[in-house]
Amino acid sequence: MTHTMAGETMLLRNVRLRSLLADKDIQELIDTVTDHDYETISILDEAGQYIMGAQEGGEKEYPVFLNGEVLGIVVGNDSRAGHVSGLLSYLAARENERNVMAMEALERIEEIKEFYDMAEQANSSFDHTQLCKLVAEEAQRLFEADEAAVLPESGEGEEEVEENGQAPQI
């Protein structure tokens with residue numbers, strides 16, 4: 001599984017051709033493209049195992065791609081096999097996008113949960129120094145920083161900043 005951020009294409013290898021073809025709506029689309037004539041094409045998985053269509057394939061092979069990787073092959077003698085291959089490649093890409101979005105949503109939920117946990121801990125601590133230490137530790141952990149410091153806006157802790165010109169290390 002490849003997982004990258006910042007708008008790059010992500011590949012999750014949990015998109016399988018067999019799973020796509022189990023969907024009734026996708027089967028109906030293939031029916032439409034093939035004019036309900038499965039005898040003209042064969043659909044094979046990435047290992048070359050039969051999934052659906054004619055048991056015996058045609059002469060031309062059209063790969064089904066997902067981000068440059070072959071998910072399967074559509075075999076046939078006419079252009080319909082190529083159309084089915086293109087359709088399946090498109091549908092695999094859409095499924096991959098849905099999976100990536102779900103993964104990103106789960107990551108965001110985890111981040112929100114971490115902030116919620118930090119807020120809960122902060123609410124349970126009325127000690128200003130302890131609260132600053134908690135915030136600095138969480139920031140250091142979340143941003144994978146070597147050090148973190150919290151500068152008070154006003155009030156407590158100003159004396160330490162004024163004495164040595166630096167924020168107190170936590």
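The values are calculated or read from the model by the stated rules, or taken from the named source; none is laboratory data. As the structure is a computational prediction, the values presented were derived from the model and not from experiment. Cβ placement follows ideal geometry from the backbone for every residue including glycine, while neighbour counts extend to all protein chains displayed. Each accessible area value is taken on the protein alone, full model and side chains, heavy atoms only, with ligands, DNA and RNA left out. Shrake-Rupley method; radii C 1.70, N 1.55, O 1.52, S 1.80 Å.
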- Task: Pairs only if they're at least six apart or on different chains, beta carbon under 7 angstrom, first in the stretch 30-44 and within 16 Å of GLU59 (Cβ to Cβ), second open to solvent by less than 30 Å² (accessible area, probe 1.4 Å) and of a type in the set (Ser, Thr, Tyr); list them, first residue then second.
- Result: THR40/THR34; ILE41/THR34
- Task: Within the stretch 88-98, work out how many residues are of a type outside the set (Gly, Ala, Ser), buried (at least 16 other Cβ atoms within 10 Å of the Cβ) and out of contact with any Gly (no Cβ under 9 Å at 6 or more places or on another chain).
- Result: 3
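For GLU138, are the conditions met, namely being in contact with a helix residue (DSSP H, G or I) (Cβ under 8 Å, 6 or more places away or on another chain) and outside any helix (DSSP H, G or I)? Spell out the reasoning first.
Details: in contact with a helix residue (DSSP H, G or I) (Cβ under 8 Å, 6 or more places away or on another chain): yes; outside any helix (DSSP H, G or I): no.
Here the answer is no, as GLU138 does not meet what is asked.
So, SER85, is that one closer than 30 Å to GLY58 by Cα and loosely packed, with under 13 Cβ neighbours inside 10 Å or not?
Details: closer than 30 Å to GLY58 by Cα: yes; loosely packed, with under 13 Cβ neighbours inside 10 Å: no.
No, not satisfied.
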- Item | Boolean, GLU69 is over 25 Å from GLU107 (Cβ atoms) and at pLDDT 85 or above | no
- Item | Criterion (more than 21 Å from GLY48 (Cβ to Cβ), at pLDDT 85 or above and aromatic (Phe, Trp, Tyr)) met by exactly one of TYR90, TYR62 | TYR90
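Check GLY58, GLY53, GLY68 and return the single one that is on the phi > 0 side of the Ramachandran plot and more than 24 Å from the chain's Cα centre (by Cα). Talk me through it step by step, then tell me what you get.
On the way: GLY58 fails: on the phi > 0 side of the Ramachandran plot; GLY68 fails: more than 24 Å from the chain's Cα centre (by Cα).
Result: GLY53 is the single residue among GLY58, GLY53, GLY68 that is on the phi > 0 side of the Ramachandran plot and more than 24 Å from the chain's Cα centre (by Cα).
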- Cβ pairs under 8 Å, 6+ apart, first in the stretch 128-141 and under 16 Å from ASP117 (Cβ atoms) and open to solvent by less than 50 Å² (accessible area, probe 1.4 Å), second of a type in the set (Gly, Ala, Ser) and modelled with pLDDT under 80: LEU134/ALA122; LEU134/SER125
- Determine if the stretch 100-109 includes at least one residue that is within 24 Å of ASP25 (Cβ to Cβ), crowded, with 16+ Cβ neighbours inside 10 Å and in contact with a Ser or Thr (Cβ under 9 Å, 6 or more places away or on another chain). yes
- Query: Any chance the stretch 51-74 includes a residue that's of a type outside the set (A, V, I, L, M), under 30 Å from MET103 (Cα atoms), surrounded by 15 or more Cβ atoms within 10 Å (Cβ to Cβ) and in contact with a helix residue (DSSP H, G or I) (Cβ under 6 Å, 6 or more places away or on another chain)?
  - Reply: yes
- Query: If we keep just the residues of the stretch 143-166 that are at pLDDT 55 or above and open to solvent by less than 50 Å² (accessible area, probe 1.4 Å), which is nearest to the chain's Cα centre (by Cα)?
  - Reply: ALA145
- So how many residues does the stretch 110-127 have that are surrounded by 11 or more Cβ atoms within 10 Å (Cβ to Cβ) and of a type in the set (Val, Ile, Thr)? 0
